[in-house]
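Here, each number is a calculation from the coordinates, and none is a lab measurement. What you see is a predicted model, and the numbers here were worked out from it, not measured in a lab. For neighbour counting, all protein chains shown are included, and Cβ atoms are generated from backbone atoms with ideal geometry for every residue, glycine included.
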Amino acid sequence: MCGIVGAVAQRNVQNILLEGLRRLEYRGYDSAGMAVLASAGLQRCRALGKVAALEQRLVAEPLPGHCGIAHTRWATHGKPSEANAHPHASGDRLAVVHNGIIENHEVLRHELQDAGYVFVSQTDTEVVAHLLEREYRLGDGLLASVQRVLKRLEGAYALAVVHADEPDVIVGARKGSPLVVGVGIDEAFLGSDPLALLQVTDRFIYLQEGDVVRLSEGGHVEVVDEAGRPAAREIQTFEHADGAASKGDYRHFMQKEIFEQPSVIAAALEGRLGDKSVLVESFGPGAEALFARVRQIHIVACGTSYHAGMVARYWLERYAGIPAQVEGASEYRYRTVVVPEGTLFVTLSQSGETADTLAALRFAREQGYLGSLAICNVPGSSLVRESDLTLMTQAGPEIGVASTKAFTTQLTGLMLLTLALGRIKGLSSDLQAELVAGLRGLPRLVSQVLKLDGEIETLSMAFAEKNHALFLGRGVHFPIALEGALKLKEISYIHAEAYPAGELKHGPLALVDSEMPVISVAPNDELLDKLKSNLQEVRARGGELFVFADEAVGLEEEEGMRVLRLPHVHDALAPILYTIPLQLLSYHVAVLKGTDVDQPRNLAKSVTVE
């Protein structure tokens with residue numbers, strides 16, 4: 001959600017902070033601000049709206065200095081406004097930026113008001129600023145002040161704090177929200193995401209839960225753990241090039257990420273396939289012994305990742321013979337959970353910091369699961385560090401809010417999991433070999449589908465004036481229909497729903513008319529004939545059909561039915577392939593609608609609050 005950038009350097013940090021904010025725009029935000037320590041003391045600038053609005057103010061009134069913090073805010077307490085924008089200050093010497101939610105802010109606010117503090121915002125963050133100012137007056141420095149204040153806070157946070165009395169120091173802290181330290185040459189940086197700092201370094205320390213860090217002049221980094229003990233944290237080199245955060249020759253990040261899918265799927269498979277089976281060891285030490293004890297699987301995820309889990313349920317039950325349950329993370333921990341013996345807990349997340357999914361994992365630890373597996377895209381993320389086993393999806397940075405390559409690489413990882421479990425549970429060696437060969441050929445087939453981009457762009461024109469759409473799929477392709485509907489509504493703001501095609505006659509058919517385009521995927525599988533019957537039901541009611549079909553399927557175009565043919569793929573892997581044209585369709589419709597494709601309204605990339 002919100003984004004943090006901080007820098008202590010031997011050069012002017014204003015532009016470093018500004019560029020860091022630009023690179024965090026994908027997370028979603030409604031205001032931006034910056035505080036810099038200069039010879040004149042603490043200087044602050046904030047603006048409602050985009051980072052560009054802040055930049056315009058800084059052109060008129062620069063904030064030169066060697067130490068500063070900056071922030072993009074997603075409103076949780078108080079409406080979007082300049083007064084509610086970060087950094088928040090207490091007096092004219094201390095400033096703080098904050099990601100997350102302080103759950104006991106009202107109690108603390110009343111306490112501070114009784115002590116004479118005057119609040120000028122509606123935010124929970126201003127409580128932190130005033131608490132810190134009060135503690136700092138005790139005289140033992142910023143680090144100790146932050147440590148004491150953290151003991152009063154309930155909720156989730158990533159914090160960065162500066163004080164004019166320590167003009168070359170930033171103190172940061174994390175609990176429940178991500179925060180990383182960038183290690184430079186005689187410089188140090190702070191960010192909620194490594195992408196914010198790739199302009200200045202590719203070496204990072206991923207802070208752990210409860211860590212507090214002090215950055216100071218000369219690039220000094222001091223980390224203490226939740227108990228206040230000095231903590232050694234490994235410096236890791238970021239494995240993705242800085243260019244991954246640039247659009248290159250593409251119009252939008254989403255478009256770029258759609259076209260990266262052949263290469264990232266290949267990366268997700270690299271080193272994980274033997275000649276005729278999946279290498280179970282790729283899931284980590286002890287995976288084979290743990291998988292041998294699995295009798296059931298619970299998959300927990302949010303949004304697009306939840307749809308990936310729904311696909312995996314079909315795979316796991318069909319090929320591994322293991323019952324699977326899929327649940328939205330935001331609901332999972334608020335009910336009584338029954339955990340059968342031998343149940344593996346699987347989480348899916350692009351960022352590894354999704355608040356609901358992370359909370360579900362922490363809740364699951366107390367429920368008696370056999371173990372936990374995270375399928376994730378971000379090394380060093382909380383989900384990865386806190387799970388027993390991990391499989392990195394290798395998608396590279398995904399900037400567009402609407403997930404594309406993260407989804408297909410999650411599906412790839414879930415098929416690897418299915419085959420790893422199937423290998424242990426007795427899936428025939430011939431079928432394993434067949435599916436492994438299919439996986440190897442998948443990047444080539446995705447490249448072929450991407451060549452249909454021009455045809456799909458032409459197809460998208462039929463949606464330019466539409467306000468509603470219906471997506472249909474059968475079996476394992478129902479979750480793909482759900483994902484297609486989600487993409488269309490996310491970025492084009494067209495109301496879209498998805499249904500199992502067999503459910504048409506049980507209600508949704510009442511909506512079908514000439515103004516309701518109906519999109520369906522038609523792979524050549526055992527449900528094809530039933531799907532054809534469902535499509536005829538739509539045609540009989542005057543509905544306009546758009547069908548993405550296997551090239552071998554005998555569907556001919558006719559008035560009111562457009563057919564786009566896809567290359568043949570093994571039916572088990574068809575969900576991965578058939579999501580690509582739905583992504584392209586949504587993208588081109590959004591471009592026609594003139595929406596903000598990469599940053600759709602009201603949405604954020606990394607949802608780090610509940």
Amide H contacts under 5 Å for residue 561, placed H, 5+ residues apart: 545
Gained length - residue 61 relative to residue 225, 0.36 nm times residue gap less alpha-carbon distance: 55.2 nm
Using alpha-carbon coordinates, inclination of helix 14-23 to the longest axis of the chain, degrees: 20 degrees
Reachable aspartates and glutamates from residue 425, criterion Cα separation under 15 angstrom, eight or more residues apart if same chain: 288, 317
Helix 574-593 vs. the chain, principal-axis angle (Cα, 0 to 90°, nearest 10): 60 degrees
Label point distance in nm, residue 237-residue 154, each placed 7 Å from Cα along Cα→Cβ: 4.6 nm
Ascending count of other beta-carbon atoms within 10 Å, so fewest first, for 67, 2, 302: 302, 67, 2
Tensor-based shape of the chain (alpha-carbon gyration tensor, a/c under 1.5 rounded, otherwise prolate or oblate): prolate
Pairwise label distance in nanometres, residue 461 with residue 92, each label 7 Å out on the Cα-Cβ vector: 6.2 nm
Ordering of 152-161, 57-66 by burial proxy (mean other Cβ atoms within 10 Å per residue, highest first): 152-161, 57-66
Of all DSSP beta bridges in the chain, antiparallel share, percent nearest 5: 60 percent
Sequence-distant residues sharing a close amide H with residue 203 (under 5 Å, placed H): 183, 238
Phi to ³J(HN,Hα) by Karplus 6.51 cos²θ - 1.76 cosθ + 1.60 over the stretch 253-266, Hz, x for Gly, Pro: 4, 4, 4, 4, 6, 4, 7, 7, 5, x, 6, 6, 5, 4
Highest-first arrangement of 194-206, 272-284, 483-495, where packing means the average Cβ count within 10 Å: 483-495, 194-206, 272-284
Helix-only CD estimate at 222 nm, as mean residue ellipticity for the chain, using -39500 (n - 2.57) per DSSP H run (n ≥ 4): -10000 deg cm²/dmol
Violating pairs (Cα-Cα greater than 21 angstrom) within the set 466/489; 79/466; 466/487: 79/466
